Amino acid sequence: MLGKQLHLSNEQLLEPHGENPYYEEMLRWTRDEIAWTYDHRWEPATLSVPYHLLSIIPREQIRERTDLCIQYSWSIPDPASLAFVASHLGRMAVEIGAGTGYYASLLAKLGTYVICYDKCPPHRSGGNFWHSPRHRDEDILTWETRSVYHGVYHGDHNKAARYTCPLFLCWPPYAQDMAYKTLKAYAGTRLVYVGEGPGGCTADDNFFALLDREWEQSAEHRPLQWSGINDWITVYDRVRACEVGDSRDVRTVAL
C-alpha cells in the first residue's frame, strides 16, 4: 500500500466522540462476526440488531445500513478517516455530489472548509435518490425535503472547473458518469476519493481509466467499513497538465 495511514487503537476507535451521531449510532450496532473471527476487525453488520432477535423486535425499531447512509453519508466518517481526509485536503476543498453535507460538517470541525455542491440538494428537493427520505417498507422516495448538516449549493460536475483547491468525491454514484465528468472538468491537482475500486459499487470504468492516465496515487487509508463493503479513501495527485480553460482561484469564484 502507498503512503501513510492514520491508525487508532481499537479502544480509541470505539470511544464515543459526541459530535458525530452517525458514528455514535453505528457503534451500538451488532458486529459482523465473520470479520471479527477471521480478521479481528470490528465491522458493523447491516442491521442494528442480531439476526436471532429479528422476530421479536418491532420492525420500526430496527435500522438498516441504508437508513444511516441515506440520513448521513454512504461512507462511515470514523475519527481516523476524518483526520486522514482533513490532512490531505488542507484548509479548503470542493465537494461535488455532497448529499447532506454530513462529511463536510465534520471536516469543518477539524479546520477543513468544504464548499459543497449537489445536483439535487436534499433540503431543496425530495428527489435525491441517495439522500431524500423514503417510505420504509416500499423503498421509494416520499418526495419530502430533509435538513442538511452543512451548506450545500445546487450544482453538478461543471462546478469543478471553477476550483483549483483539492477535490473531494465521496461515494459517487455507481455506473454513472458523474465522477468521470467531475474529474474531467476539475481544474486542480489533488483528489481525495472515497469509494470502491474498479468493478465496485461506486463511479464507472471511465473514471478509473482517467485516474490511470492522468493521476498518481499518493496515499490511502482503510476506513471503518460496513459488512460486505470494501471502500477505501485514496489520495491522487495529477501527473499530467490540466487541459481546461482559465482556472481561477477559489476565493474569486461566485458560488
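The values are calculated or read from the model by the stated rules, or taken from the named source; none is laboratory data. Please read these numbers as outputs of a predicted model, since none were measured by experiment. A quick note on method: Cβ atoms are made from the backbone with ideal geometry, for glycine too, and the neighbour counts reach across all protein chains shown.
Observations on the model:
- The condition (being more than 20 Å from P223 (Cα to Cα) and either touching a Cys at 6+ places or on another chain (Cβ under 8 Å) or surrounded by 16 or more Cβ atoms within 10 Å (Cβ to Cβ) (or both)) is satisfied by just one residue among Y103, Y174, Y153: Y153.
- One residue stands out among those in the stretch 111-135 that are modelled with pLDDT of 95 or more and outside any loop (DSSP other than H, G, I, E, B): the one that is surrounded by the fewest Cβ atoms within 10 Å (Cβ to Cβ), which is Y113.
- For the stretch 79-110, filtering for residues that are of a type in the set (K, R) and either at pLDDT below 95 or out of contact with any strand residue (DSSP E or B) (no Cβ under 9 Å at 6 or more places or on another chain) (or both) leaves 1.
- Of residues in the stretch 164-216 being touching a Gly at 6+ places or on another chain (Cβ under 6 Å) and β-branched (V, I, T), the one nearest to Y113 (Cα to Cα): T164
- Among the residues making up the stretch 145-183, those that are in contact with a Ser or Thr (Cβ under 7 Å, 6 or more places away or on another chain) and either assigned to a loop (DSSP other than H, G, I, E, B) or at pLDDT below 95 (or both) are T145, R146, V148, Y149, H150, T164, W171, P172, Y174.
- The residues in the stretch 196-228 that are in contact with a Lys or Arg (Cβ under 8 Å, 6 or more places away or on another chain) and in a helix (DSSP H, G or I) can be counted, and the count is 3.
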